[in-house]
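Derivation of every value follows stated rules applied to the coordinates shown; laboratory data play no part. From a predicted model like this one, the values you see are computed outputs, not experimental measurements. Virtual Cβ from ideal backbone geometry, glycine too; neighbours counted across all protein chains shown.
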Amino acid sequence: MSFVTDYLAQRGVAFEVAGHSRAVTSIGEARALGITADEVVKTVVLTTGQGPALVIVPASRRLDMRLARDAVGDPGARLATEGELQQAFTECELGALPPLGSLLGVAAYVDPEILEHDTVVFAAGTQTESVKARSADLFRGEQVTVTPLVQRPERASEEPV
């Protein structure tokens with residue numbers, strides 16, 4: 001078990017673990033698992049004036065930086081660099097951050113589209129292990145802000161990620 005699955009078990013969250021070939025992106029994770037990107041959650045880190053913040057979006061969608069900056073309340077927020085990620089999240093491999101702000105000790109912002117899915121799949125801290133859990137169970141008791149974070153077809157952004 002990983003520190004992520006230990007944490008979920010301690011919280012009483014039912015989950016399934018799936019090993020897979022190395023994947024450094026959420027789309028790669030979906031391919032490695034043989035599932036659609038709609039089922040996978042992408043955790044992106046923003047560097048803000050208050051420190052790192054997680055923004056959690058469906059892997060099949062693109063983060064809207066304007067919405068993300070509004071959500072974190074920092075117009076200067078930007079994507080964290082690999083170096084910043086390695087320094088702030090030493091227990092996780094690059095591209096494998098779980099969508100659990102309380103576990104990682106940072107603020108978390110979740111796009112409401114994620115909560116529309118019964119279950120989601122996400123990286124468990126390594127590039128070769130994913131976890132599947134019910135969305136409602138995963139975020140129950142978590143300190144998250146639910147707010148729009150992704151581009152919608154009717155609202156395009158100049159800065160997609």
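Counting only residues 5 or more places away or on other chains, whose amide H sits under 5 Å from the amide H of Thr145 once H atoms are built in the peptide plane?
So Thr145 has HN proximity to Ala108, Tyr109, Val110.
Once amide H atoms are placed 1.01 Å from N in the peptide plane, what residues at a sequence separation of 5 or more from Thr119, or on another chain, have their amide H within under 5 Å of its amide H?
Ser135
Which far-off residues, 5 or more places away or on another chain, put their amide H under 5 Å from the one on Ala59, with H placed in the peptide plane?
Correct list: Val40, Val41, Lys42.
Taking a ≥ b ≥ c as the square roots of the Cα gyration tensor eigenvalues, with a/c under 1.5 meaning rounded and otherwise prolate when a/b beats b/c, else oblate, which class fits the stretch 13-61?
Prolate, since a/c reaches 1.5 and a/b exceeds b/c.
Using only the Cα atoms of the stretch 3-146, build the gyration tensor, take square roots of its eigenvalues as a ≥ b ≥ c, and label the shape rounded, prolate or oblate: rounded if a/c is under 1.5, else prolate if a/b is larger than b/c, else oblate.
Rounded.
Taking the DSSP beta bridges in the chain as the whole, what percent of them are antiparallel, to the nearest 5?
Antiparallel: roughly 75 percent of the beta bridges in the chain.
Explain nothing, just compute: Karplus ³J(HN,Hα) = 6.51 cos²θ - 1.76 cosθ + 1.60, θ = phi - 60°, for every residue of the stretch 128-143 in order, whole Hz, x for Gly and Pro.
10, 9, 10, 10, 10, 8, 5, 4, 4, 6, 4, 9, 5, x, 7, 8
Sort 59-66, 31-38 for me by packing, meaning the mean count of neighbouring Cβ atoms within 10 Å per residue, highest on top.
The densest-packed peptide leads the list: 59-66, 31-38.
Where does each of 51-58, 141-148 land if you order them by average Cβ count within 10 Å, highest first?
51-58, 141-148
Local charge sum around Val72 (other residues, Cβ-Cβ under 12 Å, Lys/Arg +1, Asp/Glu -1)?
Every neighbour counted, the sum reads +1.
Once every DSSP H run of n ≥ 4 in the chain is given -39500 (n - 2.57) and the sum is divided by its residues, what mean residue ellipticity at 222 nm do you get, rounded to the nearest 500 deg cm²/dmol?
Per the formula, -6500 deg cm²/dmol.
With θ taken as phi - 60° and the coefficients 6.51, -1.76 and 1.60, list the Karplus ³J(HN,Hα) couplings across the stretch 89-100 in order, rounded to whole Hz; mark glycine and proline as x.
10, 4, 7, 10, 7, 4, x, 10, 6, x, x, 10
Tell me, what ³J(HN,Hα) does each residue in the stretch 25-39 have, in order and in whole Hz, if you take phi through Karplus 6.51 cos²θ - 1.76 cosθ + 1.60 with θ = phi - 60° and put x for Gly and Pro?
Along the stretch 25-39, the couplings run 10, 5, 5, x, 4, 4, 4, 4, 8, x, 10, 7, 5, 4, 8 Hz.
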